[in-house]
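Input: a single structure, listed below in structure tokens.
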Amino acid sequence: MSASPAPEVVSLGCRLNIAESETIRALLGATEDTVVVNSCAVTNEAVKQTRAAIRRAARARPGARIVVTGCAAEIDPHSFTAMPEVSRVVRNPDKLRPESWGALPSATRPVAFGQHARAFVEVQNGCDHACTFCIIPAGRGPSRSLPAGGVVDQIARAVDAGHNEVVLTGVDLTSYGHDLPGRPTLGSLVERILTFVPALRRLRLSSLDSVEIDDRLFDLVTGEARVMPHLHLSLQAGNDLILKRMKRRHSRAQSVEIVQRLLARRPEIAIGADLIAGFPTEDDAMAADTLALVEDCRIVHAHIFPYSARTGTPAARMPQVPHDLRRARAAALRDAAGRARAAWLAAQVGSRQEVLVERPGTTGHTPGFATVHLDSPAPPGTIAPVRVTGATDTHLIGTRL
């Protein structure tokens, strides 16, 4: 009798989902022909991609049991249980419980992260804010933090398993600690990780809310070489009235000011940002303010989304911008961000970079998260010194030293 194919986990959406998918992969073991789709609900398109992934898995592995979890499955479980391809839905609160996957209750989180060169470590989940466009709090629940000791232990085990880079993930990462005794901050957590895991070579942070960057975190990001010079900020828009209608907690001026402070202290920091095009009530002048933010905040890693109305959110009840105008404004933002990225990449030609090598060994990422295509393969997961010899609009070309 032939063995069942190894279980597969398909991860959609954020880095937090990647971290959780690796835990699910470890809990599944290798006993059943199973495909788990860890879904995303951040936009309507993300939900469509989840459904497409389910159907794709059913075609590729017709005998497999398909299980759906994640935010889309939490927000609208009945629509997924109704799909003929789906065997079971696991709700978000249950997705990391060993018993949900047939594992022993004592099972631990993984120290190896599948095909990923870097380890993704969840330190926070959920969100207490109520941005008018966002459905994710309905899928993730209130903000809650993992105690620092457990985080440090998991990172130490990941380093012992051979990971040179760790990424801290969360839904609202900068809210870390408010629910723990003593109310520690993300900055104090980062400091503790660096102190108690001295063998960790690179620590990277996922998306941050700029107004919650505390002084300790600012000092570490700008002064500690092991914290990667790459910050992804949840900016969303560059117009103050739109930011108020989004119920964001920062102004345009605050966005520009934090970036200026960061770059003044550590000029090599690469700025990333989430930007929404065509939010309800946005007119041409408001859109122009967001377009100008690409230059004003020196954004070189832009995640740009046409506004997606999510049922049940306040923004879905506001006057909507026509779909074709949303797409046009998103295209203009992508064009501006593409030019900024190309110039940033070109400026790195001739520099020496430490590149974390990705599978299969021919590409990797610099500390600033520029993609590098290598002239010769290197072992995945290692950090390779590289001389940057060229650049395209999207990536660097490097020669191993």
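The values are calculated or read from the model by the stated rules, or taken from the named source; none is laboratory data. What you see is a predicted model, and the numbers here were worked out from it, not measured in a lab. Please note: Cβ atoms are built from the backbone with ideal geometry, for glycine as well, and neighbour counts cover all protein chains shown. All accessible areas refer to the heavy atoms of the entire protein, side chains included, with ligands and DNA or RNA removed. Shrake-Rupley method; radii C 1.70, N 1.55, O 1.52, S 1.80 Å.
Scanning the stretch 226-239 for residues that are assigned to a loop (DSSP other than H, G, I, E, B) and of a type outside the set (D, E, K, R) turns up Met228, Pro229, Ala237, Gly238, Asn239. Whenever a residue of the stretch 55-82 is within 19 Å of Leu28 (Cβ to Cβ), its partners that are in a helix (DSSP H, G or I) and among the aromatic types (Phe, Trp, Tyr), lying with C-beta atoms within less than 9 angstrom and at least six residues away or across chains, give the pairs Val67/Trp101; Val68/Phe80; Ala73/Phe80.
Could you tell me whether the stretch 334-349 includes any residue that is farther than 19 Å from Ile299 by Cβ and out of contact with any Ser or Thr (no Cβ under 6 Å at 6 or more places or on another chain)?
Restricting attention to the stretch 334-349, the residues satisfying the condition of being farther than 19 Å from Ile299 by Cβ are 349.
Those still in the list that are out of contact with any Ser or Thr (no Cβ under 6 Å at 6 or more places or on another chain) too: 349.
Yes - at least one qualifying residue is present in the stretch 334-349.
Exactly one residue out of Arg265, Arg216, Arg226, Arg261 is in contact with a Lys or Arg (Cβ under 8 Å, 6 or more places away or on another chain) and either under 30 Å from Glu354 (Cα atoms) or polar (S, T, N, Q) (or both): that is Arg226. With respect to (1) within 18 Å of Arg118 (Cβ to Cβ); (2) open to solvent by less than 20 Å² (accessible area, probe 1.4 Å), the lone exception for Val388 is condition (1).
Take the residues of the stretch 64-89 that are outside any helix (DSSP H, G or I) and touching a Phe, Trp or Tyr at 6+ places or on another chain (Cβ under 6 Å): which is surrounded by the most Cβ atoms within 10 Å (Cβ to Cβ)? Can you show your working first?
Our first condition is that a residue be outside any helix (DSSP H, G or I); within the stretch 64-89, this holds for 64-70, 76, 82-89.
Remaining after also requiring touching a Phe, Trp or Tyr at 6+ places or on another chain (Cβ under 6 Å): 68, 86, 89.
Details: Val68: 28, Val86: 20, Val89: 21.
Out of the qualifying residues, it is Val68.
Could you check how many residues of the stretch 313-324 are in a helix (DSSP H, G or I) and either open to solvent by 70 Å² or more (accessible area, probe 1.4 Å) or touching a Pro at 6+ places or on another chain (Cβ under 9 Å) (or both)? Total satisfying the criteria: 5. A single member of Leu231, Leu203 is under 22 Å from Arg249 (Cβ atoms) and of a type in the set (A, V, I, L, M), and it is Leu231. Applying the criterion of being modelled with pLDDT of 75 or more, among the basic types (Lys, Arg) and out of contact with any Gly (no Cβ under 6 Å at 6 or more places or on another chain) to the residues of the stretch 96-149, the residue that is surrounded by the fewest Cβ atoms within 10 Å (Cβ to Cβ) is Arg97.
Against the numbered list (1) open to solvent by 30 Å² or more (accessible area, probe 1.4 Å); (2) of a type outside the set (Ser, Thr, Tyr); (3) under 25 Å from Val221 (Cβ atoms); (4) over 21 Å from the mean Cα position of the chain (by Cα), Arg341 comes up short only at (4). When the stretch 26-74 is filtered for residues that are over 22 Å from Phe305 (Cα atoms), touching a strand residue (DSSP E or B) at 6+ places or on another chain (Cβ under 7 Å) and not β-branched (Val, Ile, Thr), the ones remaining, listed by number, are Leu28, Glu32, Asp33, Ala57, Ala58, Arg61, Ala64, Arg65.
For (1) open to solvent by less than 20 Å² (accessible area, probe 1.4 Å); (2) out of contact with any Leu (no Cβ under 8 Å at 6 or more places or on another chain); (3) aromatic (Phe, Trp, Tyr), each residue gets a yes or a no:
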site	(1), (2), (3)
Ile155	yes, no, no
Pro184	no, yes, no
Glu191	no, no, no
Ala199	no, yes, no
Asp215	no, yes, no
Phe218	yes, no, yes
Val221	yes, no, no
Val227	yes, no, no
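Grab the helices (runs of 4 or more DSSP H) fully contained in the stretch 143-225, keeping just those with 2 or more residues being small (Gly, Ala, Ser). Before the answer, list the steps.
Values: elements: 148-160, 186-196, 215-223.
Here the list reads 148-160, 186-196.
Pairs meeting the criteria (first residue in the stretch 336-363 and of a type in the set (Gly, Ala, Ser) and modelled with pLDDT of 95 or more, second residue assigned to a helix (DSSP H, G or I) and open to solvent by less than 60 Å² (accessible area, probe 1.4 Å), beta carbons under 8 Å, at least 6 apart or on different chains) are Ala336/Val294; Ala337/Val294; Ala340/Val294.
State whether the residues of the stretch 339-357 include one that is assigned to a helix (DSSP H, G or I), within 27 Å of Ala117 (Cβ to Cβ) and touching a helix residue (DSSP H, G or I) at 6+ places or on another chain (Cβ under 8 Å). Checked the stretch 339-357: at least one residue is assigned to a helix (DSSP H, G or I), within 27 Å of Ala117 (Cβ to Cβ) and touching a helix residue (DSSP H, G or I) at 6+ places or on another chain (Cβ under 8 Å). Does any residue of the stretch 367-374 turn out to be surrounded by fewer than 20 Cβ atoms within 10 Å (Cβ to Cβ) and over 20 Å from Leu231 (Cβ atoms)? So far as the stretch 367-374 goes, yes, one or more of its residues are surrounded by fewer than 20 Cβ atoms within 10 Å (Cβ to Cβ) and over 20 Å from Leu231 (Cβ atoms).
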